[in-house]
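The values are calculated or read from the model by the stated rules, or taken from the named source; none is laboratory data. On a predicted model such as this, the values are computed, not experimentally measured, just so you know. With ideal geometry, Cβ positions are generated from the backbone for all residues, glycine too; neighbour counts draw on all protein chains shown.
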Amino acid sequence: MRAWVVERPGPIDGGPLRLEDRRPPRPGPGELRVRVHACGVCRTDLHVAEGDLAVHRPGVVPGHEVVGTVDAVGEGATRFSPGQRIGIAWLRRTCGACRFCRSGRENLCVAPSFTGWDEDGGYAEQAVVPEAFAYAIPDAFDDVTAAPLLCAGIIGYRALRRARLPPGGRLGIYGFGASAHLAAQIALHEGALVHVLTRSPDARRLALELGASSAAGATDPPPEPLDGAILFAPAGELVPVALAALERGGTLAVAGIHLSDVPRLRYAEELFEERSLCSVTANTRLDGEELLRLAERFSLRVTTTPYPLDQADRALADLAHDRVNGAAVLVADGASSA
């Protein structure tokens, strides 16, 4: 099978990815093998390729927004059958025994495994996943539009909940890519007012099309104080900007797995009056299931830019240079799209 591997982590324009032929993976006990139809291109993949995230597996195959059909079943796997369509997401395995797993906080597991970082992911023609961490894909979404839901959607949803937005509240979104444009739609459907702050003119236009109340530059002040905010851009310098835009008691949730350094904060201007700053770490399977239900219920509009599988390196480069509107998706033979 064809698969992209991170040969030598480094700047994306230096070509850290290499396309190679590999033996198809075999599913172990309790695992499924998937014929990949589509795989979303996430900024976390870029962090893996460029070395922002420490190497966990040399020569790893990136990709953790995978949609495909089961084509082989490991011993003891009974949850899905060959031919069924399933999704593979970032959270691949947890220990199930630590105090975080036992208290419903498996996203904080002390010994987790992640797709496309610890184990091979979906920038390939086939991939393997433990059946307990696979998702059933709603029929309402074709392969290409379903793929970004599996990370961009899930993480955006968790970030929205971490922002503790009150009913009818005013939400600020900093950065407006794949994850942000999905979280914004959920917030709008739930009655929030959404203000988007991003450097991309195309993203600002998309935000307004989706129903945002305003869209301005990343460092511009929103037109009114924010009850909650989410920082999707991996730019630490925006943390004090977003905190200063919060209303008393507001919360800023930082959604990325990687963030540039945060400047020194001014307590009186940016944290006082019970403003809160929190991070978002991975997701639970419950987050994923809830997001997929809401995506179908709200008929989320998933904006995608498709790329052939053999152009994964170009897709990541376009993501790095803000040339993608919505979500980039790698498309394999046989994928369904609108």
Fill in: helices (runs of 4 or more DSSP H) fully within the range 232-335 counting 1 or more residues that are outside the structural domain of Gly191 (by TED's automatic domain parsing) and closer than 20 Å to Ala218 by Cβ
312-320
Worksheet item: Of the residues that sit in the range 282-313 and are polar (S, T, N, Q) and out of contact with any Asp or Glu (no Cβ under 6 Å at 6 or more places or on another chain), which one is surrounded by the fewest Cβ atoms within 10 Å (Cβ to Cβ)?
Response: Ser299
Worksheet item: Which condition number does Arg164 fail, the rest of (1) out of contact with any Leu (no Cβ under 7 Å at 6 or more places or on another chain); (2) at pLDDT 95 or above; (3) assigned to a helix (DSSP H, G or I) being met?
Response: (3)
Practice prompt. Would you confirm whether any residue within the range 276-295 is under 20 Å from Gly326 (Cβ atoms), modelled with pLDDT of 95 or more and in contact with a His (Cβ under 9 Å, 6 or more places away or on another chain)?
Written response: yes
Discussion item. Being surrounded by fewer than 14 Cβ atoms within 10 Å (Cβ to Cβ) and among the basic types (Lys, Arg) is the requirement here; does Arg248 meet it?
Written reply: yes
Discussion item. Among the residues that make up the range 190-200, is at least one of them part of a helix (DSSP H, G or I) and either assigned by TED's automatic domain parsing to the domain that holds Ala320 or surrounded by fewer than 22 Cβ atoms within 10 Å (Cβ to Cβ) (or both)?
Written reply: no
Discussion item. Quick check on Arg205: is it assigned by TED's automatic domain parsing to the domain that holds Val110, within 30 Å of Val66 (Cβ to Cβ) and surrounded by fewer than 19 Cβ atoms within 10 Å (Cβ to Cβ)?
Written reply: no
Worksheet item: With Arg33, Arg57, Arg79 as the choices, which residue is outside any loop (DSSP other than H, G, I, E, B), among the basic types (Lys, Arg) and not assigned by TED's automatic domain parsing to the domain that holds Ala255?
Response: Arg33
Worksheet item: Taking the range 34-57, which residues are in contact (Cβ under 8 Å) with a residue 24 or more places away in the chain and surrounded by fewer than 22 Cβ atoms within 10 Å (Cβ to Cβ)?
Response: Arg35, Leu46, His47, Glu50, Gly51, Asp52, Leu53, Val55, His56, Arg57
